[in-house]
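Peer 1: Handing you a structure now.
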Amino acid sequence: MAAGLLESIDRSTQLAGHNRLALLLFRLDERQIFGINVFKVQEVITAPPLLTMPASHPLVRGVADLRGGIVPVIDLGRALGYGTDSAAAHVIVTEYNRSVQGFLVRAVERIVHVDVSAVLPPPGDSSGSSYLTAITRHGSELVEIVDVEKVLAEVMGEAAALSQELALQGRSLAGRRRVLVVDDSRVARHQVEKVLQQVGVECALVNDGREALNYLQALAQRGPVTEQLLMVISDIEMPGMDGYSLTTEIRRDPQLRDLYVLLHTSLSGLFNKAMVEKVGANRFIAKFGADELAAGVIERLQTVAEADRRSGAATGATA
């Protein structure tokens, strides 16, 4: 099963930018089926012996030795409120936010490909308590897509705070600059928003690429978009429209094509640099390092400030 699954994952990476979402389906009980983006999956293994670690988080069942590497294994059923499952038989090994971790589940089923237009926000929860980032259907089954970043934030805690030096440097340059943040994970949006606030930059938050494109096109009706936005910071793997497709649409639109686009994703292990260059993104930063993200924003602020100085000097010279 593992070898065939990995081949399917490799094939699925070719869907990026084509508005198709590849999901690994799994179960935590006998009723509901869940999904996780296959781009984040390294492998699926039979649940190995776990070594319990003293004082670890209650959701961490233990650590596994995978080819000489120590990987924490999180009880996903318990995290989602299903309780610890003695029948859990598989571990989904993933790479998120520059770290490798496993998720203990009852059963792994198959990989499916769905049109992102059929992937919808979870209904009826605006409080932030849900561990779902989206829902969709495959055949007659409802598939609940897990917000893994929220689970990891609960287990690992808040990301490291931004260094004071970068915060001060950003505030000296920010003025009233505004950034559009695009991410389907509420936790990820909050993390980026917190960094931007610390460097003194205002932000608008949207849930996916389609919503972002509508927002940008509305801005364009008011005037030059580059005068209203410093940059776009977008996740890659999202329902509705992924970050590759969003970047492609931005570059196609004469009113938007000069926008600076930074792709910001937890797909650090499977990330396709050639695809980022192909769609025309300006930069890629892997989630989540507060200082690295802040440095990317500050670099953009410096570039814009220098362009403004040159423009002002040229205007003064011709006056």
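Every read-out reported here was derived from the displayed coordinates using simple, explicitly stated rules and does not represent laboratory data. Quick caveat: nothing in here was measured; it's all calculated off a predicted structure. All Cβ positions, even for glycine, are placed from backbone atoms using ideal geometry, and neighbour counts span all protein chains on display.
Peer 1: What is the magnitude of the charge dipole of the chain about its Cα centre, with +1 placed on the Cβ of each Lys and Arg, -1 on the Cβ of each Asp and Glu, and no other charges, expressed in debye to the nearest 20?
Peer 2: 560
Peer 1: Gaussian network model of the chain, Cα springs within a sub-10 Å range: biggest mean-square fluctuation belongs to which of Ala22, Ala161, Ala79?
Peer 2: Ala161
Peer 1: Ordered by packing density, taken as the mean number of other Cβ atoms within 10 Å over each peptide's residues, highest first, how do 83-96, 217-230 rank?
Peer 2: Numbers: 83-96: 17.7, 217-230: 14.5.
Going by the mean number of other Cβ atoms within 10 Å, highest first, we get 83-96, 217-230.
Peer 1: Charges on Cβ only, +1 for Lys and Arg, -1 for Asp and Glu, centred on the Cα centroid of the chain; of His57, Leu229, Val181, which one is farthest towards the dipole's positive end?
Peer 2: Leu229
Peer 1: Would you mind telling me which residue in Asp184, Asp242, Asp115 has the biggest mean-square fluctuation in a Gaussian network model of the chain, where springs connect alpha carbons within a distance under 10 angstrom?
Peer 2: Asp115
Peer 1: Loop only per DSSP, at most 13 neighbouring Cβ atoms within 10 Å: give me the trypsin sites (Lys or Arg not before Pro) in segment 29-96, ordered by residue number.
Peer 2: Of the trypsin sites (Lys or Arg not before Pro), the ones in loops of segment 29-96 whose Cβ has at most 13 other Cβ atoms within 10 Å are Arg31, Arg67.
Peer 1: Would you calculate, for the chain, the mean residue ellipticity at 222 nm contributed by helices, counting each DSSP H stretch of 4 or more residues as -39,500 (n - 2.57) and dividing by all residues, to the nearest 500?
Peer 2: On the way: 9 runs with 106 residues, N = 319.
After summing the helix terms and dividing by residue count, I get -10500 deg cm²/dmol.
Peer 1: At what distance in nm do the modelled label points of Ser172 and Met53 sit from each other, each positioned 7 Å from its Cα along Cα→Cβ?
Peer 2: In this crude label model, Ser172 to Met53 measures out at 3.9 nm.
Peer 1: Run the quick spin-label model on Ala218 and Ala161: label points 7 Å from Cα toward the beta carbon, then report their separation in nm to one decimal.
Peer 2: Placing both labels 7 Å beyond Cα along the Cβ direction yields 3.5 nm.
Peer 1: Could I ask something else about it? So which chymotrypsin sites (Phe, Trp or Tyr not before Pro) in segment 196-264 are both in a DSSP loop and have at most 14 other Cβ atoms within 10 Å of their Cβ? Present the calculation step by step, with values, prior to reporting the outcome.
Peer 2: Details: sites: Tyr215, Tyr244, Tyr260; in loops: Tyr260.
Answer by residue number: there is no such site.
Peer 1: Taking only Cα atoms, what is the 0 to 90° angle, nearest 10, from helix 209-220's long axis to the longest principal axis of the chain?
Peer 2: 10
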